[in-house]
1. Among the listed residues B:L149, B:L153, identify the single one that is closer than 22 Å to B:F206 by Cα, out of contact with any Gly (no Cβ under 7 Å at 6 or more places or on another chain) and either of a type in the set (A, V, I, L, M, F, W, C) or at pLDDT 90 or above (or both).
2. If you scan segment B:12-23, which residues turn out to be facing chain A (nearest Cβ under 7 Å) and crowded, with 22+ Cβ neighbours inside 10 Å?
3. Count, please, the residues in segment B:240-290 that happen to be loosely packed, with under 13 Cβ neighbours inside 10 Å and basic (K, R).
4. Out of B:E146, B:E66, report the one residue that is more than 30 Å from B:Y6 (Cβ to Cβ) and acidic (D, E).
5. Looking only at residues that are at the interface with chain B (Cβ under 10 Å from one of its Cβ atoms) and within 28 Å of A:F7 (Cβ to Cβ) in segment A:33-56, which one is modelled with the highest pLDDT?
6. Only one of (1) within 20 Å of B:I69 (Cα to Cα); (2) crowded, with 20+ Cβ neighbours inside 10 Å is not met by B:G28, so which one is it?
7. Can you tell me how many residues in segment B:278-309 are in contact with a helix residue (DSSP H, G or I) (Cβ under 9 Å, 6 or more places away or on another chain), part of a helix (DSSP H, G or I) and not charged (D, E, K, R)?
8. What is the number of the single condition among (1) surrounded by 14 or more Cβ atoms within 10 Å (Cβ to Cβ); (2) free of Cβ contacts under 8 Å to residues at least 12 places away in the same chain that A:I4 does not meet?
Amino acid sequence: MKTIINFLSQQLDSSFLDEDVQISTIDFERLNKSFADLGLREHQAFKILPRVKQYQIWLVKSVYFDYLGIERTTDHPFIVILESNPETINDEEFVRVNPISPFVEMYSQQEVICDDPEVIGFPFMIELWNSQPILVELLDKYLGYFEYQNIPKENVSISPDLLEFRKIEISRASFLNNSIRSLLGFFESTNENDRRVFVTFDGKRLIPKPENYIVNSEKSFLRAAKSGKKSELIIKNFEISELDFGVIITSTIEGYVVSVESKIAHKLLNSANEPLVPLFHIDRVVYSEIQKAIYYLYLEGINTPIVIRLK
Amino acid sequence: MFEIKYIRELLKGQLSEDGYTHFVRVVGFNIKKYRWPKSIILTEEIGDFYLWSQSDIKELAHQYFEWIIIKGKLKHCSKIPDSYLSYYFLQIFISFVADLIKQFQSKNGLSYQKISNLITELINRKIVVKNKIHSVNYYFIEDFDETKLIDELTCQKRFSRMPKIILEETGKHYKSHVEVAVLDILTVLNSPVTKDQLIKYVFDIFDQAYFQNQYFDNNYEHKEPEIDNELIDEVISKITTPLSKIEAKYLSDYLFGTPENKSLADLETEYGVPKSTIHHRITKFKESIVLNFSPVDEEEGIYFLKKLAHKLDENSN
């Protein structure tokens, strides 16, 4: 157990020993033959993602920007099983989950074990004592489905090693519940107007330039009247002078329009890391019909993106 | 971590020389990082416990590959997405080594089999009383009949309250430990048990962590994540310094006052500050807490709040 605990409590390394390795041809060929004989198939991802619901098993994103624009990462990736169906809080979907551990050796009778490796590829243990709320947007890849019966809570003697394992797992799970805590912090620290367009860079909120803040312009009323839909036009202008960068975000009937003014090359990605296709103008790059979601604007040469959250 | 491109090569049985080198190097790195003893692959200790030659590292790597195949660890690997597969390979490697270490430990210390043999000897020496009930042999410290039997769940509950017996020495004194353990267990359970049950209870009562700890660095000490006092002091100073005495007072009252929490109207009356001002100040203060501090666990969170309450009290006097 200590071996596993040591592994979980330390950061993962991409390092390896830097020395030449003598290769024995016979061993090497035998190894390849043994694996070739297994006839293993490659992974096939689900083409259509199901609607999020209870008992589904998902791989969680290992990196995300929370509601306050702070980048959160985890060394040891999380697989979770959904304890409940999604609910909403402050217009955001969230769900309660239990982390799944591949280390079934740490079983203590207070978890559910799935012995069937066909569910997600390997046996696993559901950490029923580690229930966490997370935003649905953190769910990355759908892995499978597993219905289970909850274990009645009984006092079971837990060894010090198992206690230590649980402490580590609960501590790690702050990566998951931070998505909710930052959402609550966001709502406590912003007013309703500010929440619709929220831009952060390097963990700090960008405040829009007040002189360009226009609400309910005449043009917008005309358009709204023509379309028959009620719409409130909001324009926000953000600048980071040290990066020679500016972005204007306009809310329209069709969605948002994001105009980027920068001499530096950039790309705008959605939450699935897919680049958005812009329209080009003379002095700015424009992205139109942008829907409510989170976007990442990467400027060339700068690792940290500008995080744009549109609600 | 094992690189995904080499894992894919291995799964197809087309591991390149670069890939093979990579696997051996990653195994070697983890041996060094976690300081695993060489004895997990060798049946006898030879030389320095922790000095692994390249040949030893390759031996462990090959044992790992064989274990993967024999145990069918990749039979359903098509279910595992690439973004998790690299971690999965590392995780099963850790499980494999944990298994090796456990097997090695069972050769030192008191194994299940040894306990079984010793209990058989005690039974033969009539240290415990045997009686057959419904064709099953039961054992107890004195004469008994069927009425003395208690259900297994109650026995387990009674057993769970017993303190562990710590084993630290190797070799020749286990017999007396086992004899004492048998008599203690039967006294506490106050119920006859079968031989299998007795062996299991005796095995579980012993704390053999000594034999596990032997194989870790003498200087190794797993440290509980410490509370970051410096960071907490810095954050508390940052968020409380701008507060006036009155602000500190009513914030303290509102956030930490007991037994009845004061309402905004109460605070307005007591401090002569408009409710809207107080409300705004409280909101801003909470925001500054959330923006500046995120505890790693509940313990650190509670510690932070206690320090914050104390600081607010201090600043309001």
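The values are calculated or read from the model by the stated rules, or taken from the named source; none is laboratory data. Note that the structure is predicted; figures quoted are calculated from it, not measured. No Cβ is skipped: glycine too gets one built from the backbone with ideal geometry, and neighbour counts run over all protein chains shown.
1. Values: B:L149 fails: closer than 22 Å to B:F206 by Cα.
The conditions single out B:L153.
2. Answer for segment B:12-23, where residues must be facing chain A (nearest Cβ under 7 Å) and crowded, with 22+ Cβ neighbours inside 10 Å: B:L15, B:Y20.
3. 1
4. On the way: B:E66 fails: more than 30 Å from B:Y6 (Cβ to Cβ).
None of the other options fit; the residue is B:E146.
5. Residues of segment A:33-56 that are at the interface with chain B (Cβ under 10 Å from one of its Cβ atoms), as a first pass: A:33-46.
If we keep only those that are within 28 Å of A:F7 (Cβ to Cβ) too, we end up with A:34-35, A:38, A:40, A:42-43, A:45.
Working: A:S34: 85, A:F35: 88, A:L38: 84, A:L40: 81, A:E42: 74, A:H43: 74, A:A45: 69.
By that ranking, first place goes to A:F35.
6. B:G28 satisfies all of (1) within 20 Å of B:I69 (Cα to Cα); (2) crowded, with 20+ Cβ neighbours inside 10 Å except (1).
7. Qualifying residue count for the region: 15.
8. (2) is the only condition that A:I4 fails.
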